[in-house]
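Data first, discussion second: the structure below is written as structure tokens.
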Amino acid sequence: MCGRRDRVLNIRQISDRTGDSPDRIRHLRVEGHELYSQAWKSGDAKNSPLRLEQSKVDAWLAARRTTSLGFRS
């Protein structure tokens, strides 16, 4: 990314952007959700916090907005 580092979001920040609760994000991640399955744990412990790059969340949200706008026409 040309020297720029992508901001890493924690689960609460992901939740704020997507509207899904942290519990729902954890559940959907296990089920293989297209966005949430890309999240990674920041440690080896079972309860390590989930992290996900902001650019991935933003791109997913933009694609969803584009898709939903297409259905309104």
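The values are calculated or read from the model by the stated rules, or taken from the named source; none is laboratory data. What you are looking at is a predicted structure, and each value in this text was computed from that prediction instead of being measured. No Cβ is skipped: glycine too gets one built from the backbone with ideal geometry, and neighbour counts run over all protein chains shown. Only protein heavy atoms, including side chains, enter the accessible area calculation; ligands, DNA and RNA are left aside. Shrake-Rupley method; radii C 1.70, N 1.55, O 1.52, S 1.80 Å.
Out of segment 31-62, which residues are more than 15 Å from Val8 (Cβ to Cβ) and over 13 Å from the mean Cα position of the chain (by Cα)? Residues satisfying the conditions are Glu31, Asp44, Ala45, Lys46, Asn47. Taken over segment 17-27, the criterion of being open to solvent by less than 70 Å² (accessible area, probe 1.4 Å) and touching a helix residue (DSSP H, G or I) at 6+ places or on another chain (Cβ under 9 Å) is satisfied by Thr18, Asp20, Ser21, Pro22, Ile25.
Is one or more of the residues making up segment 28-37 touching a Leu at 6+ places or on another chain (Cβ under 9 Å), surrounded by fewer than 14 Cβ atoms within 10 Å (Cβ to Cβ), of a type in the set (S, T, N, Q) and modelled with pLDDT of 95 or more? Yes, some residue in segment 28-37 is touching a Leu at 6+ places or on another chain (Cβ under 9 Å), surrounded by fewer than 14 Cβ atoms within 10 Å (Cβ to Cβ), of a type in the set (S, T, N, Q) and modelled with pLDDT of 95 or more.
Of all residues in segment 24-38, those satisfying the criterion of being outside any helix (DSSP H, G or I) and either more than 15 Å from Trp60 (Cα to Cα) or not aliphatic (A, V, I, L, M) (or both) are Gly32, His33, Glu34. Exactly one residue out of Asp44, Asp16, Asp58 is at pLDDT 90 or above and not in a helix (DSSP H, G or I), and it is Asp44. When you scan segment 45-54, do you find a residue that is of a type in the set (Ser, Thr, Tyr) and open to solvent by 40 Å² or more (accessible area, probe 1.4 Å), even just one? The answer is no, given that none of the residues of segment 45-54 is of a type in the set (Ser, Thr, Tyr) and open to solvent by 40 Å² or more (accessible area, probe 1.4 Å).
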